[in-house]
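Taking it in order: structure first as structure tokens, then the write-up.
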Amino acid sequence: MRSLRYFFENYASEYDVELTQIPNENGIGALYQSNTSEITKFHFKIPAPNAQFLSEVLGLTEERVLEIMESDKMEAVLTLRGEPRKSIICIPDVVRNMIDNLRQRQNEYTSVSVTGKSNEFNTRTFDLNARFFTYPIEIKTSHQVEGRKVAYSVYEIVEQYRQGLNDAYNENENIIMAVTNR
């Protein structure tokens with residue numbers, strides 16, 4: 001957002017842009033409120049997993065666990081997902097219950113994300129720790145011509161922004177409408 005605003009202020013001041021960020025709470029709300037919601041994957045990063053976790057999950061001896069525990073700069077990464085093209089949870093009430101549980105415990109994780117879908121939108125990953133609902137667009141400031149780096153003009157960069165925003169909107173229209181309650 002800042003880079004887009006900076007660009008307009010410094011390179012295209014004849015244009016005015018107003019951007020409204022969508023709180024991430026609204027993003028996961030689209031999955032939460034849907035009557036056809038499904039969860040296909042959970043992804044967790046757990047800071048400093050305890051010795052019992054390491055011993056049980058990895059099957060390590062107590063000696064090995066103690067060696068690993070000497071380092072306080074580790075985290076466990078856990079991904080739970082169904083078989084290809086299969087959901088883990090297909091019952092909307094269970095999906096809501098799971099999201100409620102994750103929200104209550106999200107401070108216990110370095111990060112936690114839920115991948116889900118519904119009839120209103122295609123599969124989408126929702127990061128519970130992110131402040132705002134986002135989707136990335138790629139803007140290049142230069143390209144190669146005969147082995148030399150050549151900068152794009154301001155107008156070419158504006159066109160990339162326009163095309164990127166248009167493509168992102170078209171690809172994500174269903175989820176954007178669900179998130180903004182339209």
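Observations, loosely collected:
- For Glu63: the one exception among (1) outside any loop (DSSP other than H, G, I, E, B); (2) touching a helix residue (DSSP H, G or I) at 6+ places or on another chain (Cβ under 7 Å): (2)
- Residues of the range 33-59 that turn out to be in contact with a Ser or Thr (Cβ under 7 Å, 6 or more places away or on another chain), in a loop (DSSP other than H, G, I, E, B) and surrounded by 15 or more Cβ atoms within 10 Å (Cβ to Cβ), as a count: 2
- Yes/no for Glu83 being free of Cβ contacts under 8 Å to residues at least 12 places away in the same chain and assigned to a loop (DSSP other than H, G, I, E, B): yes
- In the range 136-168, the qualifying residues are those that are of a type in the set (Phe, Trp, Tyr) and either loosely packed, with under 12 Cβ neighbours inside 10 Å or outside any loop (DSSP other than H, G, I, E, B) (or both), and the one that is modelled with the highest pLDDT is Tyr155.
- Qualifying residue in the range 84-104 (condition: modelled with pLDDT under 80, over 26 Å from Asp167 (Cα atoms) and small (Gly, Ala, Ser)): no
- Selection count, the range 102-116, where residues are surrounded by 19 or more Cβ atoms within 10 Å (Cβ to Cβ) and either more than 24 Å from Met74 (Cα to Cα) or polar (S, T, N, Q) (or both): 3
The values are calculated or read from the model by the stated rules, or taken from the named source; none is laboratory data. Keep in mind that what you see is a predicted model, and the values were worked out from it rather than measured. Neighbour counts run over all protein chains shown; Cβ positions are idealised from the backbone, glycine included.
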